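Since every read-out is calculated from the coordinates, none of them should be taken as a lab result. Note that this is a predicted model, so its numbers are computed, not measured. Cβ sites come from the backbone with ideal geometry, for glycine too, and all protein chains shown count toward neighbours.
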Amino acid sequence: MCADCDRLFAAPGSKADLEEGDRLTPRFGPDGLVTAVTSDAASGELLMVAHMNAEALARTIETGEAWYWSRSRKALWHKGDTSGQIQTVVEMRVDCDQDAIWLKVTVGGDGGSCHTGRRSCFYRAVPTGGAAAETRLVPRDADRLRPAFG
């Protein structure tokens, strides 16, 4: 991760400052990451969940485009840099204790957000009311916009 990440954001103060104040003081986990939930700005459709380190969060704020931290690649990731699916941030919110980020975005390219080639990463439903060990996933809005990559 970045060498100066601990200086990108102010440290959280009191609980009242964290929950009611006007300073962005994100609470990164022990792994240096905060969860980022991304939805379509127009429809509200949930597109993906990813993670940000301090550098990804700072770049997102500075550029107005979504940046994430790839846990599998252990690298900074500019969403859409190779696929054309640039996520332009329309609005960014932080939750009450500043340990989760919500991005409302427009998506470039074919409008997809999932590496499987689908619009959303959430293309399978989980039925409830049965035995967990026997649960079978049910496709929902699972049509591919393009072939899978990555």
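The table for this structure:
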read-out	value
Centre separation in Å (Cα based) which lies between region 76-105 and region 15-68	7 Å
Loop trypsin sites (Lys or Arg not before Pro), region 49-112 (other Cβ atoms within 10 Å of the site Cβ: 10 or fewer; DSSP)	Arg73, Lys74
Relative contact order [Cα under 8 Å, 6+ residues apart], the chain, whole percent	19 percent
Degrees, to the nearest 10: 54-63 long Cα axis against longest axis of the chain	80 degrees
Proportion of all alpha-carbon pairs of the chain beyond 23 Å (%)	43 percent
Charge dipole (the chain, unit charges on Cβ, about Cα centre) - positive-most of Pro12, Ile61, Met48	Met48
Descending principal axes extents, region 95-142, alpha-carbon based, whole Å	37, 35, 13
Mean residue ellipticity (222 nm) of the chain, computed from DSSP H runs ≥ 4 via -39,500 (n - 2.57), nearest 500	-3000 deg cm²/dmol
Most fluctuating residue given options Asp110, Asp81, Asp31, as computed from a GNM of the chain linking Cα atoms under 10 Å	Asp31
³J(HN,Hα) computed for each position of region 93-101 - Karplus, 6.51 cos²θ - 1.76 cosθ + 1.60, integer Hz, glycine/proline x	10, 10, 7, 4, 10, 6, 10, 8, 10
Rg/Rg_ref, region 14-87, where Rg_ref = 2.2 N^0.38 Å and atoms are Cα	1.20
Region 5-110, dipole about Cα centre (Lys/Arg Cβ +1, Asp/Glu Cβ -1), debye to the nearest 20	360 debye
